[in-house]
Amino acid sequence: MSYKIPMGPYHPGLEEPYKLEMICEGETVQDAKLHIGFNFRGIERLAETRNYIQVIALMERVCGICSNIHTLTLCQAMEQLTGLEPPPRAKYIRVAMAELERLHSHVLWAGIASKLMGFKTMFMTCFALREKVMDVLQAISGNRVNYAMNRIGGVNRDIEDPQALVPMVDELEREMMRTIIPIFTTSATARSRCAGIGILTHEKAVSCGVVGPTARASGVAQDLRRAAPYAAYAEMEFETPVEQAGDVRARLFVRALEIMESCRILRQALSKMPPGEIDAGEAKLVFTSGTATSRVEAPRGEVMYSVSWKENSRNPSRVHVRTPTYANMPAIRWMVRGARLADTPLIQASIDPCYSCTDR
Amino acid sequence: MNLWKRLICTCRRRSPWLFHMNSGSCNGCDIELVAALSPRYDAEQLGVRLEGSPRHADIVCVTGPVTRNAVAAIKTVYGQVCHPKAVVAIGSCPATTNVFIDSRTLAGPLDKHIPVDVFVPGCPPRPDAIIQGVAKAAEILAEREMKPAETELPPTVEEARP
């Protein structure tokens with residue numbers, strides 16, 4: 001006889017309020033239903049009541065983990081509407097910020113995943129390392145979470161001495177190579193909790209339309225930084241790690257390799273940063289009527305903003321956001337089918353869900 | 001105050017257990033709260049521990065601007081925490097609803113629903129500030145120990161519904 005186990009919305013295994021309803025047969029999960037909406041703050045509606053300066057501050061608070069990505073995407077869309085082009089230095093600073101954010105997000109995810117594995121030591125190690133990334137972010141922007149770096153036509157703050165940050169990145173990479181990656185790839189604890197669980201096959205990944213590291217772990221080689229380069233990504237050299245297995249271990253591997261690639265991009269962005277202005281220097285912004293869309297590869301996958309504007313208006317008439325978790329969420333159902341009940345917190349965390357982005 | 005009670009007070013002050021509640025936050029304050037427990041800031045030196053169950057906790061840390069969906073849960077969780085208890089509102093959202101002000105899906109600020117002892121301002125506050133807020137709440141907790149327990153029953157599910 002099957003029975004239903006509700007998990008959440010306030011549950012120690014979940015980082016955010018959402019509800020997972022699992023239909024179980026003994027210890028085995030047969031099906032799962034996901035209920036979201038506990039974080040719904042009505043941000044898209046609020047954005048219509050804010051002017052073009054306020055809307056950036058509002059959208060930064062869609063998500064506290066990928067706050068820079070949201071303003072970057074929004075600013076890129078608004079730049080299309082105003083016809084402004086950010087100068088090259090601003091584009092490099094945007095790349096550096098985006099990669100630092102990816103680094104801290106992936107390390108944070110590694111920490112949370114190891115906590116869910118019951119590997120508390122690793123959780124502390126990850127968070128100690130994450131503080132080093134936060135140091136770099138703080139050195140650049142002065143903030144730890146909401147960096148307020150992007151504006152229409154450029155960035156708000158300059159990186160005055162990019163070369164001075166390179167040793168910090170080197171140290172970060174060394175620490176990653178020395179502790180985090182070997183432990184995740186060779187430790188028996190990590191392997192026994194991750195290998196072969198939560199499998200998402202290539203076919204299912206394609207049919208669910210998953211994005212980001214979840215897709216890349218199932219053999220779908222898609223990366224917007226390469227497929228549709230934005231900011232200064234066209235000038236960067238990097239690999240897109242792809243794994244075929246589709247289990248939690250593959251997702252762990254993809255993120256670990258992405259951390260290394262992020263360090264590589266970061267070093268290039270800091271050392272090749274061209275001199276010059278950091279914003280287009282337009283005092284008065286003139287918006288044209290129309291809709292502009294912008295897509296960016298966030299740490300969790302593709303983020304898309306669609307911004308509509310009416311001429312001579314200070315406020316956007318519509319801001320639509322599509323977040324990576326929205327695309328990855330349906331895949332959880334296929335991942336947990338047939339899994340053991342004790343593995344479900346780790347499986348649902350393996351897509352790196354961010355429900356505050358999804359609910360908005 | 002007898003010796004036994006004084007000992008209990010000291011124990012309460014030195015080992016506050018937290019229950020973290022996300023009432024529609026953007027994750028910013030939540031990761032800063034976790035960062036406060038990590039080795040750099042090390043809130044555990046104050047005896048602070050993050051607890052999974054509200055029945056084991058002394059201090060409720062609420063983040064987020066209190067969405068309508070979260071109100072019932074906040075009241076239930078607050079009712080489930082045993083006396084003495086303290087509430088810390090982390091970030092500007094529970095205090096004022098921050099940038100989300102005017103949103104129709106919010107039922108904030110937090111002090112409309114449950115009594116708040118310490119507000120930690122900031123968007124998000126730094127981990128140092130969160131630790132200071134929790135330490136302050138621990139002192140409040142120790143003082144509250146001296147007062148007789150309020151005869152307040154946790155609201156039933158029907159009562160807690162908005």
#### Entry: Cβ-Cβ FRET estimate between A:SER207 and B:SER15, R0 fixed at 45 Å, reported to 0.05
0.30
### Query
With r defined as the distance between the Cβ atoms of A:SER187 and B:ARG6 and R0 fixed at 51 Å, what FRET efficiency is calculated, to the nearest 0.05?
0.65
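Work out the mean other chain Cβ neighbour count within 10 Å for the residues of B:17-23 and drop it here as an integer.
Mean shielding by partner chains, rounded to a whole number: 3.
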### Task
Taking the Cα centre of the protein assembly as shown as origin, sum charge times position over the Cβ atoms of Lys and Arg (+1) and Asp and Glu (-1), and report the length of that vector in debye to the nearest 20.
820 debye
### Summary
Highest mean packing first, using Cβ neighbours within 10 angstrom, the peptides A:335-345, A:89-99 sort as A:89-99, A:335-345
### Task
If a/c stays under 1.5 just call it rounded; otherwise compare a/b with b/c (prolate if a/b is bigger, oblate if not). Do that for the range B:7-148, with a ≥ b ≥ c from the square roots of the Cα gyration tensor eigenvalues.
oblate
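What is the average number of partner chain Cβ atoms found within 10 Å of a Cβ in A:41-47?
6
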#### Entry: Extension gain from A:ALA164 to A:ALA342, taking 0.36 nm per residue of separation minus the Cα-Cα distance
59.5 nm
### Query
What does the charge dipole of the range B:7-148 about its Cα centre add up to, to the nearest 20 debye, if the Cβ of each Lys and Arg holds +1 and the Cβ of each Asp and Glu holds -1?
320 debye
#### Entry: DSSP beta bridge pairing in the protein assembly as shown, given as percent antiparallel to the nearest 5
70 percent
### Task
Order these peptides, A:255-261, A:107-113, by their mean beta-carbon neighbour count within 10 angstrom, highest first.
A:107-113, A:255-261
### Message
Take A:GLU21 and A:MET1, extend 7 Å from each Cα along the Cα→Cβ direction, and tell me the distance between the two endpoints in nm.
### Response
1.9 nm
### Query
Taking the Cα-to-Cβ direction at A:GLU48 and at A:GLU171 and moving 7 Å from each Cα, how far apart do the two end points lie in nm?
4.9 nm
#### Entry: FRET efficiency, 1/(1 + (r/R0)^6) with R0 41 Å, evaluated for A:ARG264 and A:GLU311 via beta carbons
0.40
### Task
Determine the shielding of peptide B:96-108 by partner chains: average, over its residues, the number of Cβ atoms on other chains within 10 angstrom of each Cβ.
4
### Difference of contour (0.36 nm per residue) and Cα-Cα distance, A:THR291 to A:ASP31
89.6 nm
#### Entry: lysines with Cα under 22 Å of A:LYS310, excluding same-chain neighbours fewer than 8 positions away
A:LYS284
### Task
Rounded to the nearest 500, what is the 222 nm mean residue ellipticity of the protein assembly as shown from helices alone, with -39500 (n - 2.57) per DSSP H run of 4+ residues and division by all residues?
-13500 deg cm²/dmol
### Query
Label-point separation (nm) for A:ARG226 and A:ARG333, each offset 7 Å from Cα along Cα-to-Cβ?
3.1 nm
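Every number here is computed from the coordinates shown, using simple stated rules; none is lab data. Nothing here was measured: the structure is a model prediction, and the numbers come from that model. Counting neighbours? That spans all protein chains shown, and the Cβs are built from the backbone with ideal geometry, glycine included.
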